[in-house]
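What follows is a set of notes on a single structure, which appears directly below.
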Amino acid sequence: MIFGLIPSRLASRRLEKKALLDIDGLPLVVHTFKRAKMAKLLDQVIVCTDSKKIGNVINKHGGEFRLTSKKHKNGTERIAEVARKLKKAKLIIDIQGDEPLLNPNDIDNLIKFHKKNFKKFDIVVPCIKGSNLDSKNIVKVLFNKMGKVLYLSRAPVPFGFKNNDFNLFKHLSVISFKKESLIKFSKLKESKYEKIEGVELLRALENEISVGTFVSKSNSFAVDVKSDLAKAKIIMPHDNLRKKY
């Protein structure tokens, strides 16, 4: 089975209680949940949260949630707690709760790619081509022609020292894990470059867990700061998927 797990916490740092902030009449995390449910290849979608308030909101809107420990340092550890109890899980799709404009096609394309490359990659994170990616809130992806991720950074890498005619790629907030790889990953200590960059997946690279990527045509974005929230509020009422729920 393939499970979509959405980590969500109330104590967000950059935007207070952002999971419950209203966007076009619904809490942010509810938009994410409802769009994840539209993915055709997910067998089940569960919100993983340390907050009863978030859980109650999800339940009110017809969703499923699991309460997790408040001690987790990140969303990956949070979904790993739930994944351990999912005995039939083959793939775990980590869907960040701050993606209210999530496109369910991104999830289905990710699942198709990982199933096709199941023996090759333990973890898969899609990326999209972009410009003006200087923001430290955007994680950039470096990968080879085989789709193997070489490094991830909040800095605009690679640096155009000799040639500025290239594209930067940022990773999407949906990640596919083999269940056993997720459990292994969650048990590892925070790694050297992960601490420096603040990018969780660097822990996988530093421990020789294979991470793959492919270029997606998505245009989804995460709500991290007030300007993102304002943008989402403008877009949401006119979004085609919004009209379906």
Hits in segment 200-216 - residues which are part of a helix (DSSP H, G or I) and free of Cβ contacts under 8 Å to residues at least 24 places away in the same chain: Arg203, Glu206
Cβ pairs under 6 Å, 6+ apart, first in segment 217-245 and assigned to a loop (DSSP other than H, G, I, E, B), second modelled with pLDDT under 95 and among the β-branched types (Val, Ile, Thr): Ser218/Ile128
Only listed residue being over 26 Å from Asn103 (Cα atoms) and of a type in the set (Ser, Thr, Tyr), chosen from Ser153, Ser191, Ser216: Ser191
Segment 13-60: number of residues that are crowded, with 17+ Cβ neighbours inside 10 Å, free of Cβ contacts under 8 Å to residues at least 60 places away in the same chain and among the polar types (S, T, N, Q): 2
Residue in segment 65-79 that is among the hydroxyl-bearing types (Ser, Thr, Tyr) and surrounded by fewer than 17 Cβ atoms within 10 Å (Cβ to Cβ) present: yes
Subset of segment 205-239 that is acidic (Asp, Glu) and modelled with pLDDT of 90 or more - its residue that is nearest to Glu190 (Cα to Cα): Glu206
Within segment 5-36, considering residues that are touching a helix residue (DSSP H, G or I) at 6+ places or on another chain (Cβ under 8 Å) and assigned to a loop (DSSP other than H, G, I, E, B), the one nearest to His114 (Cα to Cα): Arg9
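The values are calculated or read from the model by the stated rules, or taken from the named source; none is laboratory data. Source: prediction; values computed, not measured. Quick reminder, even Gly has a Cβ in these numbers, built from the backbone with ideal geometry, and neighbours come from all protein chains shown.
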